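As C-alpha cells, the structure follows; a few thoughts come after it.
The values are calculated or read from the model by the stated rules, or taken from the named source; none is laboratory data. Just so we're clear, the structure is a prediction, and the values are computed from it rather than from any experiment. Methodologically, a virtual Cβ is constructed for each residue, glycine included, from the backbone with ideal geometry; neighbour enumeration extends over all protein chains shown. These accessible areas exclude ligands, DNA and RNA; they are computed on the full protein's heavy atoms, side chains included. Shrake-Rupley method; radii C 1.70, N 1.55, O 1.52, S 1.80 Å.
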Amino acid sequence: MIALDGVAVRYGTSCALDGVSEQVPAGQWLGIIGPNGAGKTTLLRSIACLVPHAGTITIDGHPVSGLRRRRLARLVAYVPQLPSLPPEMTVADYVLLGRTPHIGYLRMETDGDRQICAGLLDRLGLSPMAGRALATLSGGELQRVVLARALAQEAPVLLLDEPTSALDLGRRVDALELIDELRRERSLTVLSAVHDLTLAGQFADRLLLLDQGRVAASG
Ligand code: ATP
C-alpha cells in the first residue's frame, strides 16, 4: 500500500503539489491524469524520492524519505519521461542495470540476473537487438528498453511517466498489456501518468485527476 498524506512540493516559490492525500492498495493500477504542468511527474518523482516533499509518503508503512537508496530501488522502479541513456551501451547491458539493487557490493551479476533480463527482452520483442548500442534504436524501441530495465528491478511498485508515448498503437497496447500481466502475476502496484484517456480508462483501476498541484477528482 502506498499512502500519501498532505504531500506538497515546491520549486522555489511555485507550488507544484499542494496537499495531495491518496492511498493506493497493493496490486492496484492508478492512472494519474491532468493537463500539462498539473503535477503528475512531480507526484511520481516525490514517491521515488527524487524531489524533496513535505507531508508523508509511505510504502507499506515505511516513510520513503527514510529509506536508503538501495532499499528504495528494490521497492520502487521509476520510468521517467526522458531517461538519460548512455548512447554506446548495448541494450542487454542497459537492461542488466535494472538488477543493480539486487547485486551485492563488489559482486558481479549472476546467470539468474541475465536470465531475468533475457526473459524481459523476449517478452518486449527486444531480443534481436540485445547487442545493439542504444544510440542506434528508434524512440519506440528505446522506450521498450527503458521499460525492460525498470521491470528487471522486480520492484513491487512501478512508477511510469508517460511510458508508451513514443510507441505506435499496437506496441502501446502490447506494452500496457505486459505491464498488466506482470501486475497480476506479481501483484505489482502501478502508478502511471497518462495523457491518453482511452488507454488510462482501459488499464487503470482508478484515475486521479490533478489540476494545479491539487487532487481535482479521484475515482
Ligand atoms: P506534463 O503533462 O507536461 O508532463 P506534469 O503534470 O507532469 O506536466 P510537472 O512536470 O509535475 O507537471 O510540473 C508541475 C509544475 O512544476 C509545472 O508548472 C512545472 O513547470 C514545474 N516544475 C517541474 N519541475 C520543476 C523544476 N525542476 N523547477 C521549477 N519548476 C518545475
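When segment 76-93 is examined, which residues are found to be surrounded by fewer than 20 Cβ atoms within 10 Å (Cβ to Cβ) and in contact (Cβ under 8 Å) with a residue 60 or more places away in the chain? Those that are surrounded by fewer than 20 Cβ atoms within 10 Å (Cβ to Cβ) and in contact (Cβ under 8 Å) with a residue 60 or more places away in the chain: PRO80, GLN81, PRO83, LEU85. Please go through segment 185-203 and pick out each residue that is under 19 Å from ARG45 (Cβ atoms) and within 16 Å of the ligand (Cβ to nearest atom). Passing the criteria: LEU191, SER192, ALA193, VAL194, HIS195.
Which of the residues belonging to segment 94-106 are of a type in the set (A, V, I, L, M) and either without any contact (Cβ under 8 Å) to a residue 40 or more places away in the chain or touching a Ser or Thr at 6+ places or on another chain (Cβ under 8 Å) (or both)?
The first filter runs over segment 94-106 and keeps only residues of a type in the set (A, V, I, L, M), leaving 95-97, 103, 106.
Across segment 94-106, the qualifying residues are ILE103, LEU106.
Go through segment 1-25 and give me each residue that's out of contact with any Pro (no Cβ under 7 Å at 6 or more places or on another chain), more than 10 Å from the ligand (Cβ to nearest atom) and either open to solvent by 50 Å² or more (accessible area, probe 1.4 Å) or within 13 Å of ALA216 (Cβ to Cβ) (or both). So that I can check it myself, show each step before the final result.
Here is the first cut: in segment 1-25, the ones out of contact with any Pro (no Cβ under 7 Å at 6 or more places or on another chain) are 2-25.
This time we only want the ones that are more than 10 Å from the ligand (Cβ to nearest atom), so: 2-8, 18-25.
Residues satisfying the conditions are ASP5, ASP18, GLY19, VAL20, SER21, GLU22, GLN23, PRO25.
For the list (1) over 30 Å from SER14 (Cβ atoms); (2) crowded, with 22+ Cβ neighbours inside 10 Å; (3) among the β-branched types (Val, Ile, Thr), I need the number of the one condition that THR136 fails. The number of the failed condition is (2).
All told, ARG68 meets the bar of being over 18 Å from the mean Cα position of the chain (by Cα) and either near the ligand (Cβ under 8 Å from one of its atoms) or open to solvent by 10 Å² or more (accessible area, probe 1.4 Å) (or both).
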